[in-house]
Amino acid sequence: MPVHDLTAMELRDRIAAGQVSSVEATRAVLDRIDRLDPVVGAYLSILPERALETAKEVDRKIAAGEPVGTLAGVPIAIKDVLCTSFGTTTCGSRILQNFHSPYDATVVRKLLDADAIIVGKTNMDEFAMGSSTENSGLRKTVNPWDTSRVPGGSSGGSTAAMAARMCFAALGSDTGGSIRQPASFCGVVGLKPTYGRVSRYGLVAYGSSLDQIGPIAGTVADAALLLSVIAGHDPADSTSVDEKAAPAGDYLAGLNEPVEGLKIGIASAFNAGAEPAIQKAIGEAVDDYREAGAEIVEVDMPHLDYAIAAYYVIATAEASSNLARYDGVHYGYRSENANDYIEVYTKSREEAFGKEVKRRIMLGTYALSSGYYDAYYLKALKVRNLIRGDFVRAFERCDCLMMPAAPTTAFQIGEKVDDPLKMYLADIYTVAVNLAGIPGISIPCGFDAAGLPIGLQILTPAFSEAKLLRIARMYEARTNWHTRKPVGLE
Ligand code: GLN
């Protein structure tokens, strides 16, 4: 088996045993990037010298018998929304195109402390606003399964890099589905942890009450491995949870133990909104769990129909406030056409923000303005509470919910980009999860007639990632969808 086809766990174990060197694995990844990324477009920047140097150091430590971290020598890609003290941090935006962060995000620090090799930073919708990566101001990314189609978004660079095996695992961020939806479009595993489980320090803010960083991987075990490294309380992020209240765990321990007496909740009416091929694949996955001994219960989620509306008010309101800091003075791009200081603000923003970002700043500012605050923003917060209540009530009757990760498989490039409402509807199955703050995972569960991957989304109550991963692993252990690879990319 070529080295790039190993899972992150397999690679880590072989590196530790001296069977493969980290330099060899890093070279294999860099070679693939050289060969495939001109077509796929997953990376915004690659860090070959730094990666090889770190890999060499890991190999030296292992040869000398020195202790190494849990990801020692494993090449990993990170979404360009995460601050790194090396290279650039662009958020897929022209306004940050040449921005050098003075510090590392906590998750980046944790990866480095675990001796992972950061090979590069991946493309994304500008400021993580989008569902197809087409809103990137810097580069086009295509779906490795069909290069005329989008990889999903906004973490489409990370999921495309994973699907094309141009990394062994990746990090993404998920405000309303940006890990789970592109994972489903690209046939990989994507996990959004509970809000507060992973530190957001150094994650460039989009919707601060919704944003969460999570792993993108080839297998459930690799996602568990990455989560074990990045999870935990961080004094630098006041919204990361106290370890005593909800300890982060070793998510690999017990991963292969099936959940006894598993009860799966299904909201049939809600799931009926997906394409027939997706409903069929989800139905078959649920049947598979039933064969494994699970019981299925029908649950009522009456407020999920309002999730998109509430999400796009709350997310844009928070974004309009968070993006006020890009003023041509503090960070990044500054217009050369400004005649006075007001024009420094207005022209820098006008020239460097993309269309979707401007649309959302306007929407959010409108929803927060004094005349409309009660009618839109406050109302959206009330709906958010009702949605949370739907999940709380559902989880009184079942261990997990199962639904599609997206209503369609990967769509054509250009198909929705001029119709924002159509694009927003691509998030119908994911945004409620962020409004409720609970964890969710998308795992491969089949293909449609065109050979495009389908994702099964599984949701569990807050801070139950260990159980969520075990439930996902039960299915993965019985199926081989996750072993399929896109053809034509060798
Ligand atoms: N597609 C959603 C949006 O555009 C979610 C994006 C995300 O999760 N970052 O807001």
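Please list, ordered by residue number, the helices (runs of 4 or more DSSP H) wholly in the stretch 375-490 having 2 or more residues that are under 30 Å from GLY137 (Cβ atoms), within 17 Å of the chain's Cα centre (by Cα) and touching a residue at least 12 places away in the same chain (Cβ under 8 Å). Steps first, please.
On the way: elements: 379-395, 420-425, 431-436, 465-478.
The qualifying helices (runs of 4 or more DSSP H) are 431-436.
Testing ALA77 on (1) buried (at least 22 other Cβ atoms within 10 Å of the Cβ); (2) free of Cβ contacts under 8 Å to residues at least 24 places away in the same chain, one condition comes back false. Which one is that?
Looking at each condition in turn, ALA77 falls short on (2).
Among the residues of the stretch 194-214, is there at least one that is closer than 26 Å to HIS4 by Cβ and more than 15 Å from the ligand (Cβ to nearest atom)?
Initially, the stretch 194-214 is screened for residues closer than 26 Å to HIS4 by Cβ, giving 213-214.
So of that shortlist, the ones also more than 15 Å from the ligand (Cβ to nearest atom) come out as none.
There is no residue in the stretch 194-214 that is closer than 26 Å to HIS4 by Cβ and more than 15 Å from the ligand (Cβ to nearest atom).
So is ILE314 at negative phi, surrounded by fewer than 21 Cβ atoms within 10 Å (Cβ to Cβ) and not in a loop (DSSP other than H, G, I, E, B) or not? Give the steps one after another, and end with the answer.
Working: at negative phi: yes; surrounded by fewer than 21 Cβ atoms within 10 Å (Cβ to Cβ): no; not in a loop (DSSP other than H, G, I, E, B): yes.
For ILE314, the condition - at negative phi, surrounded by fewer than 21 Cβ atoms within 10 Å (Cβ to Cβ) and not in a loop (DSSP other than H, G, I, E, B) - is not met.
Looking at the stretch 305-350, which of its residues are over 18 Å from ASP174 (Cα atoms) and in contact (Cβ under 8 Å) with a residue 60 or more places away in the chain?
Listed by number, the residues that qualify are TYR306, TYR326, TYR331, GLY332, TYR333, SER348, ARG349.
Against the definition (farther than 26 Å from ALA426 by Cβ and out of contact with any Cys (no Cβ under 6 Å at 6 or more places or on another chain)), how does ASP125 come out, yes or no?
Details: farther than 26 Å from ALA426 by Cβ: no; out of contact with any Cys (no Cβ under 6 Å at 6 or more places or on another chain): yes.
No; evaluated as a whole, the condition is false for this residue.
Can you tell me which residue in the stretch 410-421 is surrounded by the most Cβ atoms within 10 Å (Cβ to Cβ), limited to those that are closer than 21 Å to ASP448 by Cα and more than 12 Å from the ligand (Cβ to nearest atom)? First the steps, then the outcome.
Let us first name the residues in the stretch 410-421 that are closer than 21 Å to ASP448 by Cα, namely 410-416.
Pick out the ones that are also more than 12 Å from the ligand (Cβ to nearest atom) and you get 410-415.
On the way: ALA410: 29, PHE411: 21, GLN412: 13, ILE413: 20, GLY414: 11, GLU415: 16.
The selected residue is ALA410.
Quick grid of which residues meet (1) within 16 Å of the ligand (Cβ to nearest atom); (2) surrounded by 15 or more Cβ atoms within 10 Å (Cβ to Cβ):
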residue	(1), (2)
ASN339	no, no
LYS355	yes, no
TYR373	no, no
ASP390	no, yes
THR408	yes, yes
TYR429	yes, yes
GLY437	yes, yes
GLY440	yes, yes
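So GLY137 fits all but one of (1) surrounded by 24 or more Cβ atoms within 10 Å (Cβ to Cβ); (2) within 16 Å of the ligand (Cβ to nearest atom); what number is the exception?
Every listed condition holds for GLY137 apart from (1).
Do any helices (runs of 4 or more DSSP H) entirely within the stretch 214-300 hold 3 or more residues that are without any contact (Cβ under 8 Å) to a residue 60 or more places away in the chain, surrounded by fewer than 20 Cβ atoms within 10 Å (Cβ to Cβ) and at negative phi, and if so, which?
Values: elements: 220-230, 268-271, 276-291.
In the stretch 214-300, 276-291 are the helices (runs of 4 or more DSSP H) which contain 3 or more residues that are without any contact (Cβ under 8 Å) to a residue 60 or more places away in the chain, surrounded by fewer than 20 Cβ atoms within 10 Å (Cβ to Cβ) and at negative phi.
Restricting attention to the stretch 322-354, which residues are among the polar types (S, T, N, Q) and at pLDDT below 95?
Residues of the stretch 322-354 that are among the polar types (S, T, N, Q), as a first pass: 322, 335, 337, 339, 346, 348.
Within the stretch 322-354, no residue meets the criteria.
Restricting to the stretch 158-193, and then to whatever is in a loop (DSSP other than H, G, I, E, B), surrounded by 24 or more Cβ atoms within 10 Å (Cβ to Cβ) and more than 12 Å from the chain's Cα centre (by Cα), can you tell me which residue is farthest from the ligand (Cβ to nearest atom)? Please lay out each step first, then the result.
Of the stretch 158-193, the ones in a loop (DSSP other than H, G, I, E, B) are 164-168, 175-179, 187-188, 193.
This time we only want the ones that are surrounded by 24 or more Cβ atoms within 10 Å (Cβ to Cβ), so: 164, 166-168, 175-179, 187-188, 193.
Retained after the next criterion (residues that are more than 12 Å from the chain's Cα centre (by Cα)): 164, 166-168, 187.
Values: ALA164: 22, MET166: 22, CYS167: 20, PHE168: 23, GLY187: 19 Å.
By that ranking, first place goes to PHE168.
For the structure I just gave you, tell me whether ILE118 is within 15 Å of the ligand (Cβ to nearest atom), within 23 Å of ALA236 (Cβ to Cβ) and not in a helix (DSSP H, G or I). Steps first, answer last, please.
Values: within 15 Å of the ligand (Cβ to nearest atom): no; within 23 Å of ALA236 (Cβ to Cβ): yes; not in a helix (DSSP H, G or I): yes.
Criteria not met by ILE118.
Take SER85 and decide whether it is in a loop (DSSP other than H, G, I, E, B) and in contact with a His (Cβ under 9 Å, 6 or more places away or on another chain). Please lay out each step first, then the result.
Working: in a loop (DSSP other than H, G, I, E, B): yes; in contact with a His (Cβ under 9 Å, 6 or more places away or on another chain): yes.
Taking the combined requirement at face value, the residue satisfies it.
The values are calculated or read from the model by the stated rules, or taken from the named source; none is laboratory data. Remember, it's a predicted structure, so these values are computed and weren't measured experimentally. Glycine gets a Cβ as well: all are built from the backbone with ideal geometry, and neighbour counts include every protein chain shown.
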